[in-house]
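Encoded as structure tokens, the structure appears first; notes follow it.
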Amino acid sequence: MLQFEEALARVLAAVPSPTRENVPLNEAAGRVLADRIRSPLDLPSFDNSAMDGYALRATDVASAKPDSPVRLRLVGKVPAGKTLAGKVTAGTCVRLFTGSPLPTGADAVVMQEDTCVEPSLAGDVLILAPVEPGESVRLRAEDVKQGSTLAEAGDLLTAGRVGLLAAVGLDSVPAGRQPVVGLLATGSELQEPGQPLAPGRIYESNRLALAAVLKNAGAVPVTFPLVVDLLAETRAALEDAFSQCDAVVTSGGVSVGEMDFIKQAFEQMGGELHFWKVAIKPGRPFVFGRYRGKLLFGLPGNPVSALVTFLLLVRPALLRWQGATDVSLPAHPGVLAEPLANHGERRHFMRVSVDPAGKVRSAGRQASHALSSMAVANGLVDVPPNTTLAAGTAVAVLRWD
Ligand code: AMP
Ligand code: MG
């Protein structure tokens, strides 16, 4: 049986190289950047005020105090978005607002709260406190220098990155194309929601859960109808899905039972099976294969096994397909608040919930069909075979939320 790392390496090695497309920036969040982006601008692009206040020369107000203010002549006003033709000279000031360009001649801004304006001053301003040169001034290029790198090829376009790229004036970016992924659920017991359950049947839940994690991984899910446990039907469903999609994710039908048809149907249609067992729990049966440059991920039917194997083995492939550099689940440090025991012979990726302080607890029942614990879990902890990790052990929590 394949070890997890070997299985992941084989999957990643089979992923097609990313192809790129230009994406409007307003649709780019969650996409993977295909090129390094250098800034076409300085940010800020001009010296400007960090406060509502007055632009002045710091030397003019060095002695200012509330009981002995310095009186300056007001020579102009610059709303944000405007510029001033004139300049600040000795003994004068200019009214500014947050973001207003700093007028020539001024080297600092005194905030409005340290000033006094009243009718008796005939338009002059009393400055009640000194300022250092540069105070409350945002200098040109102090945030970003023109030509500096804003993001690298392979970076995920987070909200922050999208905002930064917009701030330097970009309206589109090159991004990795998103794989279109067909979702099939196999099992004659499965029923669509919306009608009372027939005896012995269960509601199908994998396609919805998998569509959610697929979208989070930047892929485009396409949901196909339920597939009954018959070889011909399974094959027809696979062929249909492969004709429309870049990859197909199936659930169920990958074990050793005589009703498990995924492997057989896939090989019959000409698919090349790479492996179908991985030494992990949940999810020992996990089929991986290739068909005409497209990929098959055959997940186990148990809902927890399907989700966990998706997160460990499929999510990285879909991200790599888009050109992402970081493809593994982010590992956050945590400390066990209670023991975690793996009595089995395989590594167990146990469902845990980790609180904001980093305290990690089992999310509940760890059986592969126990979806309630999946619903409260926000991470996985990799527990080696035949091992009990004691309370207080430092662990890496693999997170996907
Ligand atoms: P299988 O992998 O086909 O042997 O299925 C293992 C278990 O998962 C069985 O109890 C199935 O009924 C259940 N199962 C399979 N597919 C689904 C699905 N799409 N939604 C919910 N449960 C499923
Ligand atoms: Mg089945």
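Which is farthest toward the positive dipole end of the chain among LEU41, ALA377, GLY253, measuring Cα position about the Cα centre, with Cβ charges +1 (Lys, Arg) and -1 (Asp, Glu)?
It is GLY253.
Projected onto the charge dipole of the range 123-202 (+1 at Lys/Arg Cβ, -1 at Asp/Glu Cβ, origin at the Cα centre), which of ALA167, GLY194, GLY154 gives the Cα projection farthest towards the positive end?
Final value for the positive-end residue is GLY194.
Show that you can apply the helix-only estimate: for the chain, add -39,500 (n - 2.57) for every DSSP H stretch of four or more residues, divide by all residues, and state [θ] at 222 nm to the nearest 500.
The per-residue figure over the chain is -5000 deg cm²/dmol.
Can you spot the aspartates and glutamates whose alpha carbon is less than 12 Å from LYS294's alpha carbon? Ignore those fewer than 8 places along the same chain.
Within the straight-line cut-off, LYS294 pairs with GLU239, ASP246, GLU272.
What's the angle, to the nearest 10 degrees (0 to 90), between helix 231-244's Cα axis and the longest principal axis of the chain?
For helix 231-244, the angle is close to 30 degrees.
Say the dipole of the chain comes from +1 at the beta carbon of Lys and Arg and -1 at that of Asp and Glu; which of LEU273, GLY298, ALA219 then lies farthest toward its positive end?
Selected residue: LEU273.
How about the range 228-316: which GluC sites (Glu not before Pro) there lie in a loop by DSSP and see at most 15 other Cβ atoms within 10 Å?
GLU258
Which shape class applies to the chain: rounded if a/c is under 1.5, otherwise prolate when a/b exceeds b/c and oblate if not, where a ≥ b ≥ c are the square roots of the Cα gyration tensor eigenvalues?
Judged from the Cα gyration tensor, the chain comes out prolate (a/c at least 1.5, a/b above b/c).
What does the accessible area per residue of the chain come to in Å², with a 1.4 Å probe and no ligands, DNA or RNA counted?
46 Å²
Can you classify the range 234-274 as rounded, prolate or oblate using the Cα gyration tensor, where a ≥ b ≥ c are the square roots of its eigenvalues, rounded means a/c under 1.5, and otherwise it's prolate if a/b beats b/c and oblate if not?
Because a/c hits 1.5 or more and a/b exceeds b/c, the range 234-274 counts as prolate.
Please compute the length gained on full extension between THR89 and ASP401, using 0.36 nm multiplied by the number of residues separating them and subtracting their Cα-Cα distance.
Length difference between fully extended and current span is 106.7 nm.
At a Cα cut-off below 29 Å, give the lysines reachable from LYS145, other chains included and same-chain residues fewer than 8 away excluded.
Cα-Cα hits under 29 Å: LYS77, LYS82, LYS87.
Using a simple charge model, +1 on the beta-carbon of Lys and Arg, -1 on the beta-carbon of Asp and Glu, nothing else, what dipole does the range 113-222 show about its Cα centre, in debye to the nearest 20?
Charge dipole, the range 113-222, about its Cα centre: 940 debye, nearest 20.
On the accessible surface of the chain, probed at 1.4 Å, how many percent belong to carbon and sulfur atoms?
Carbon and sulfur together cover 53 percent of it.
Could you size up the charge dipole of the range 277-401 around its Cα centre, putting +1 on the beta carbon of Lys and Arg and -1 on that of Asp and Glu, and report it in debye to the nearest 20?
Dipole of the range 277-401, to the nearest 20 debye: 540 debye.
Name the shape class, rounded, prolate or oblate, that the alpha-carbon gyration tensor gives for the range 120-210, where a ≥ b ≥ c are the square roots of its eigenvalues, rounded holds for a/c under 1.5, and otherwise prolate holds if a/b is larger than b/c and oblate otherwise.
prolate
Treating only the Cβ of Lys, Arg, Asp and Glu as charged (+1, +1, -1, -1), what charge dipole size does the chain show about its Cα centre? Round to the nearest 20 debye.
380 debye
Within the range 156-173, whose backbone N sits under 15 Å from a point 7 Å along Cα→Cβ of ASN22?
Counting backbone N atoms under 15 Å from the label point, the list is 170-173.
Excluding residues on the same chain fewer than 8 positions from LYS65, give the aspartates and glutamates whose Cα lies under 18 Å from its Cα.
GLU113, ASP114, GLU118, ASP124, GLU132, GLU135
The values are calculated or read from the model by the stated rules, or taken from the named source; none is laboratory data. Model, not experiment: these values are computed from the prediction. When we count neighbours, we look across all protein chains shown, and the Cβ atoms used for this are built from the backbone with ideal geometry, even at glycine. Surface areas here come from the heavy atoms of the whole protein model, side chains and all, with no ligands, DNA or RNA. Shrake-Rupley method; radii C 1.70, N 1.55, O 1.52, S 1.80 Å.
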